[in-house]
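Read through the structure below, which is laid out as structure tokens, and then see the notes.
The values are calculated or read from the model by the stated rules, or taken from the named source; none is laboratory data. These numbers were taken from a predicted model, which means no experiment stands behind them. All Cβ positions, glycine included, derive from the backbone under ideal geometry; neighbour counts span all protein chains shown. Accessible surface areas use protein heavy atoms only, side chains included; no ligands, DNA or RNA. Shrake-Rupley method; radii C 1.70, N 1.55, O 1.52, S 1.80 Å.
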Amino acid sequence: MRAPTVLLLLTGAAVLRVSLFSELYLRYVQPGLRPYLIVSGCALVLLGLVSAVLRRDAHSHTPRVAWLLTLPALALLLFPPPALGSYSAEREAEQRLAQGMGTFPELPSDPVLDLTLTEFGSRAVYDTERSLEGRTVRLTGFVTQDDDGTWYVTRLAVACCAADATVSRVEIRGASEAPPTDTWVTVTGTWHPGDTVLDAESVRTVRQPANPYEKRT
């Protein structure tokens, strides 16, 4: 079997592994793109099989170096890359918050508000009615830290896929000690007026969610 045929089969199998047989695709793209990944994976596998059949009786020589092209596809099949984490977040120079100034939709009356980091940051900066004031908020994300020991709950937001990810982060104050970088945590606390800061009441280590990204609108 020639290297191009193997490359098609390995790449197709890798795409199907992350999209059809697991939820690993959520590390790279939004949930709505799953059907397209499945179709693409099937198409690559089908092309590989057709290529194998058509070239079954061919005796053309494949240079050895061509087989090196199969190594990235094999690595993707066996070791899917992890979701973006603190390294990617730190490359963002600024937080990307929702645009606009003024009022926001009314928050539910729940005793504890589960908010995305993007929504929390938007309300903290732009909400003239200060709807977060006095409310208990729960945020989930991974830990990033500055050199001075300041630490943040951080989340990457994507519009389409991991390639367009931007970062949102909320400074955490009041916790006795910062968890290790890249640890996923849920922090419950109250907004520190005037800043994108949460005064923590509790910090709990959690598992990374199946979809580690927030959706950017």
Self-check item: DSSP-assigned coil residues among trypsin sites (Lys or Arg not before Pro) in segment 124-217, each with at most 11 further Cβ atoms within 10 Å
Solution: Arg207
Quiz item: So what is the accessible area of segment 100-217 per residue, in Å², with the probe set to 1.4 Å?
Solution: 50
Quiz prompt | Segment Thr181-Ser109, extension gain: residue separation times 0.36 nm, minus the distance between their alpha carbons | solution = 22.6 nm
Quiz prompt | Net dipole in debye of segment 118-172 [+1 Lys, Arg Cβ; -1 Asp, Glu Cβ; about Cα centre; nearest 20] | solution = 280
Practice problem: Show the residues, 5+ positions off or on another chain, whose built amide H is closer than 5 Å to the amide H of Thr136. | Solution: Leu113
Quiz prompt | Value of Rg/Rh across segment 157-216 [Cα atoms, Kirkwood radius] | solution = 1.01
